[in-house]
Amino acid sequence: MDFLRRTVNHWNEVIGTSTFGRIFRLEGSGHPLEIKNTKFTTELRAGLTTFFTMAYIIAVNASILSDSGGTCVCNDSTGSDPLCKTNAEYAVCVQDLHRSLVTATAAIAGFSSFLFGFLTNMPVCLAPGMGLNAYFAYQIVGFHGGGLIPYKLALTAVFVEGFIFIFLSLIGMRQWLVKTIPVSLKIASGCGIGLFLSEIGLSYSAGIGAITGGSATPLDIAGCPAEYIVDGVCKSHKMRSPTMWIGIFCGGIVTAYLMTFKVKSAMIVGIALVSIMSWPRGTSFTYFPDTESGNSRWEFFTKVAEFHPIRNTLNALDWNISQNTSQFILALFTFLYVDIIDCTATLYSMARFSGVVDPDTGDFPRSTVAYCTDAFCISVGSLLGCSPVTAFIESGAGVAEGGKTGLTAMTCGVCFLVSMFFAPIFASIPPWATGCTLIIVGCLMMRQVVLINWRYIGDAVPAFVTVMFIPFGYSAAYGLIAGLMTYTALNGMVYLTKLISGGRIVPDDEDHREYWTIKPQGKLPWFITASQKLASLAQGRSSSLAKDNVSIRSGESQTHFRSQTSAGKDSVRMQSKDSNHELDTVISIPSPRDPRDEKVLRKF
């Protein structure tokens, strides 16, 4: 054991000091921005953990998207089955579509995760997003094509969306959006995503099945075997599901126990243990029960290695939007605002969880590259027939395992690419094997809830709405939107009250309010300032006529200080905010004509 440990440490040291280690800023690389406590083997282990936690997306995404019917054509001549629910020919096409989507999902997840990790050096993995795929399949395309627009046209909307995102990232709008979101809301979004992960881990689709939707209440306790679920609700035998208890004790408790003693690969051990226990047939907790769906899974699982080419969905875009123009535009803009907020919130939360967010700028390294890569992968995914690609919140599992660099994402990406040839194995990881892992990761992400500014109600209430609405609304995007709307309404009313009262009516605890500005680092984004300059030039105004002044602002008060030389053109402007927040200083001093004035200004 000691020999193995010494060997691993030796290889970590060799790789860390190599050019490879310097590229990814591993410990010992000598890079000026070297990341502490990063080792090659740790990154590999973290990548494997993320992959096993995300592997369910291979089967789940394919199942959801295949419900749309994809490129299959319903030839119902009788008119009694317009959606081809019982059409045998259509069912065969959908089955082949499902297998094509399994390969497509693994391919785009592998490609996007590897590319994102290589270009950004962040431990964040990408794949077709849960929630977005359901919206794509059931709202936009509809079950067996009964929605707003056809499947091929919906793929075109996703393709166009990706390039719009690239444009918004290049002009800095996505980065500016992150910086202008109040700090407490950004922290709250990470906590809300942690609860969202836990809710997914408790559900049936990707978890242990402890909760389900209720008939009389929004949520209900579940944990019953599948045969007792009627219309999505457990009618009897609640909390008696063997798979749930196997997931809790052999997955959750064992993983948490190993993490207590800092055992490496604890999450991988828990997922592998439950998966291997669930593969044999004939048990009460098998993943391959003696049912039609169980037999289908078993038949696919026994193939072990199989590559199914992407026949049905490859480059299936339809550019003829003339017949569905309004529906196409609606789908495009819905994808835009949901995906931009969802991905932006998730990326920032993962960056913060990784500890790479700069406290001064509120941004993370290579953010422009990160957003552009994410947007590019959205368009590539549409060419393979998939719904929008986004940053996966399950990346937190790899971060919790110690992943801090892009090697984590690249390892996960390689695993996804390999899974295209071993899809029967990786698509057979049962959801109750990963459910408790998601719950544990949610616990780790919730630790930052103490950083929310609970001292001022104008920050606390919007943050709480964000934390609450993300899991209950089952969407990171809509949760953050709810928090932003609450923040705007509440603090807007406070501002109007102060304005109308002339500053006489103010909250008693306003000194604890977090500073917020639409101009991060004291300036507007360049795409706004550029438009302002163009407007000024169009009106014949010259920027040289602007008056220089000195202003010192603390909190809500402003004091102007002007120092003018004998030429009358020199000025200094300083801006100071609340002492509890960042100090923003802007100094603009043209060269004085009088040396004595230069000496005075230098002393000042």
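Looking across the stretch 1-38 at every residue that is more than 25 Å from Val356 (Cα to Cα) and among the basic types (Lys, Arg), the one that is modelled with the highest pLDDT is identified as Arg6. Residues in the stretch 39-53: is at least one assigned by the TED database to the domain that holds Ala423, part of a loop (DSSP other than H, G, I, E, B) and either modelled with pLDDT of 85 or more or not basic (Lys, Arg) (or both)? Yes, that holds for at least one residue. Counting residues in the stretch 464-479 that are more than 18 Å from Ile187 (Cβ to Cβ), not hydroxyl-bearing (Ser, Thr, Tyr) and not assigned by the TED database to the domain that holds Leu195 gives one or more. The set of residues in the stretch 225-259 being open to solvent by less than 50 Å² (accessible area, probe 1.4 Å), assigned to a loop (DSSP other than H, G, I, E, B) and either among the hydrophobic types (A, V, I, L, M, F, W, C) or over 19 Å from Ser284 (Cβ atoms) (or both) consists of Gly232 alone.
In the stretch 118-154, what residues are β-branched (Val, Ile, Thr) and either under 21 Å from Tyr474 (Cβ atoms) or out of contact with any Lys or Arg (no Cβ under 9 Å at 6 or more places or on another chain) (or both)?
Selection gives Val124, Ile140, Val141, Ile149.
Just wondering, is there one or more residues in the stretch 113-133 that are touching a strand residue (DSSP E or B) at 6+ places or on another chain (Cβ under 7 Å), buried (at least 24 other Cβ atoms within 10 Å of the Cβ), of a type in the set (Phe, Trp, Tyr) and assigned to a helix (DSSP H, G or I)? Yes - at least one qualifying residue is present in the stretch 113-133. Residue check: Leu168 meets all listed conditions (1) farther than 19 Å from Thr346 by Cα; (2) part of a helix (DSSP H, G or I); (3) of a type outside the set (Phe, Trp, Tyr); (4) open to solvent by 10 Å² or more (accessible area, probe 1.4 Å) but one, namely (1). Checking each residue in the stretch 303-352 for being open to solvent by 70 Å² or more (accessible area, probe 1.4 Å) and β-branched (Val, Ile, Thr) picks out only Ile329.
Can you work out which of the residues in the stretch 468-480 that are in a helix (DSSP H, G or I) and of a type in the set (Phe, Trp, Tyr) is most open to solvent (accessible area, probe 1.4 Å)? Step through it out loud before you land on a result.
First, the residues of the stretch 468-480 that are in a helix (DSSP H, G or I): 468-472, 476-480.
Okay, now just the ones that are also of a type in the set (Phe, Trp, Tyr), so 469, 472, 478.
Values: Phe469: 86, Phe472: 144, Tyr478: 90 Å².
Going through the qualifying residues, I end up with Phe472.
Do we have Ile393 as part of a helix (DSSP H, G or I), in contact with a Leu (Cβ under 6 Å, 6 or more places away or on another chain) and outside the structural domain of Gly479 (by the TED database) here?
Details: part of a helix (DSSP H, G or I): no; in contact with a Leu (Cβ under 6 Å, 6 or more places away or on another chain): yes; outside the structural domain of Gly479 (by the TED database): yes.
Criteria not met by Ile393.
Give Ser215, Ser293 a once-over and let me know the one that is under 25 Å from His98 (Cβ atoms), in the same structural domain as Ala91 (by the TED database) and at pLDDT below 85. Unique residue meeting the criteria: Ser293. Applying the selection to the stretch 357-384, what residues are in contact with a Gly (Cβ under 8 Å, 6 or more places away or on another chain) and either assigned to a loop (DSSP other than H, G, I, E, B) or of a type in the set (Ser, Thr, Tyr) (or both)? Once the filter is applied, which keeps residues that are in contact with a Gly (Cβ under 8 Å, 6 or more places away or on another chain) and either assigned to a loop (DSSP other than H, G, I, E, B) or of a type in the set (Ser, Thr, Tyr) (or both), the stretch 357-384 yields Thr368, Ser379, Ser382. Determine whether the stretch 451-459 contains at least one residue that is within 26 Å of Asp339 (Cα to Cα), modelled with pLDDT under 90 and part of a loop (DSSP other than H, G, I, E, B). Scanning the stretch 451-459 turns up no residue that is within 26 Å of Asp339 (Cα to Cα), modelled with pLDDT under 90 and part of a loop (DSSP other than H, G, I, E, B).
Are any residues in the stretch 368-384 open to solvent by 10 Å² or more (accessible area, probe 1.4 Å) and more than 23 Å from Leu317 (Cβ to Cβ), and if so, which ones? Listed by number, the residues that qualify are Thr368, Val369. Could you tell me whether any residue of the stretch 84-98 is in a helix (DSSP H, G or I), among the β-branched types (Val, Ile, Thr) and modelled with pLDDT of 90 or more? So far as the stretch 84-98 goes, no, none of its residues is in a helix (DSSP H, G or I), among the β-branched types (Val, Ile, Thr) and modelled with pLDDT of 90 or more. Residue check: Gly28 meets all listed conditions (1) outside the structural domain of Met410 (by the TED database); (2) surrounded by fewer than 17 Cβ atoms within 10 Å (Cβ to Cβ); (3) in a loop (DSSP other than H, G, I, E, B) but one, namely (2).
Looking across the stretch 141-196, the residues that are under 15 Å from the mean Cα position of the chain (by Cα) and among the basic types (Lys, Arg) come down to Arg174, Lys186.
Identify all residues within the stretch 43-63 that are farther than 17 Å from Phe392 by Cα, surrounded by fewer than 24 Cβ atoms within 10 Å (Cβ to Cβ) and in contact (Cβ under 8 Å) with a residue 40 or more places away in the chain; write none if there are none. Once the filter is applied, which keeps residues that are farther than 17 Å from Phe392 by Cα, surrounded by fewer than 24 Cβ atoms within 10 Å (Cβ to Cβ) and in contact (Cβ under 8 Å) with a residue 40 or more places away in the chain, the stretch 43-63 yields Leu44, Arg45.
Against the list (1) within 17 Å of Tyr371 (Cβ to Cβ); (2) surrounded by 19 or more Cβ atoms within 10 Å (Cβ to Cβ), the condition Gly147 fails is (1).
Of all residues in the stretch 134-144, how many are part of a helix (DSSP H, G or I) and either open to solvent by less than 10 Å² (accessible area, probe 1.4 Å) or at positive phi (or both)? Full working, then the answer.
Step one: filter the stretch 134-144 for residues part of a helix (DSSP H, G or I), giving 134-141, 143-144.
Adding the requirement that they be either open to solvent by less than 10 Å² (accessible area, probe 1.4 Å) or at positive phi (or both) leaves 136-137, 140-141, 144.
The total comes to 5.
Leu155: open to solvent by less than 10 Å² (accessible area, probe 1.4 Å), under 30 Å from Ile329 (Cβ atoms), assigned by the TED database to the domain that holds Thr334 and not in a loop (DSSP other than H, G, I, E, B), yes or no? Yes, satisfied.
From the list Gly117, Gly162, the one residue that fits, being under 18 Å from Asp342 (Cβ atoms) and at pLDDT 85 or above, is Gly162.
Any residue that is within 24 Å of Phe196 (Cβ to Cβ), crowded, with 19+ Cβ neighbours inside 10 Å and of a type in the set (S, T, N, Q) - is there at least one of those in the stretch 210-222? Within the stretch 210-222, one or more residues are within 24 Å of Phe196 (Cβ to Cβ), crowded, with 19+ Cβ neighbours inside 10 Å and of a type in the set (S, T, N, Q).
Only one entry of Leu219, Leu185, Leu202, Leu170 meets the criterion of being of a type in the set (A, V, I, L, M) and in contact with a Phe, Trp or Tyr (Cβ under 8 Å, 6 or more places away or on another chain), and that entry is Leu185. For beta carbons closer than 6 Å, sequence separation of 6+ or different chains, a first residue in the stretch 356-379 that is at positive phi and a second that is in a helix (DSSP H, G or I), the qualifying pairs are Gly362/Lys179; Arg366/Thr120. Is it fair to say Leu83 is aliphatic (A, V, I, L, M), open to solvent by less than 70 Å² (accessible area, probe 1.4 Å) and within 30 Å of Gln139 (Cβ to Cβ)? Yes: the conditions hold for Leu83. Taken over the stretch 481-506, the criterion of being open to solvent by 40 Å² or more (accessible area, probe 1.4 Å) and not in a helix (DSSP H, G or I) is satisfied by Gly502, Gly503, Arg504, Ile505, Val506. Considered as a group, the residues in the stretch 385-427 that are of a type in the set (Val, Ile, Thr) and open to solvent by less than 10 Å² (accessible area, probe 1.4 Å) include one that is modelled with the lowest pLDDT, and that residue is Thr390.
The values are calculated or read from the model by the stated rules, or taken from the named source; none is laboratory data. Because the structure is predicted, anything quoted here is derived from the model rather than measured. Quick reminder, even Gly has a Cβ in these numbers, built from the backbone with ideal geometry, and neighbours come from all protein chains shown. These area figures cover heavy atoms from the full protein model, side chains too; ligands, DNA and RNA do not enter into them. Shrake-Rupley method; radii C 1.70, N 1.55, O 1.52, S 1.80 Å.
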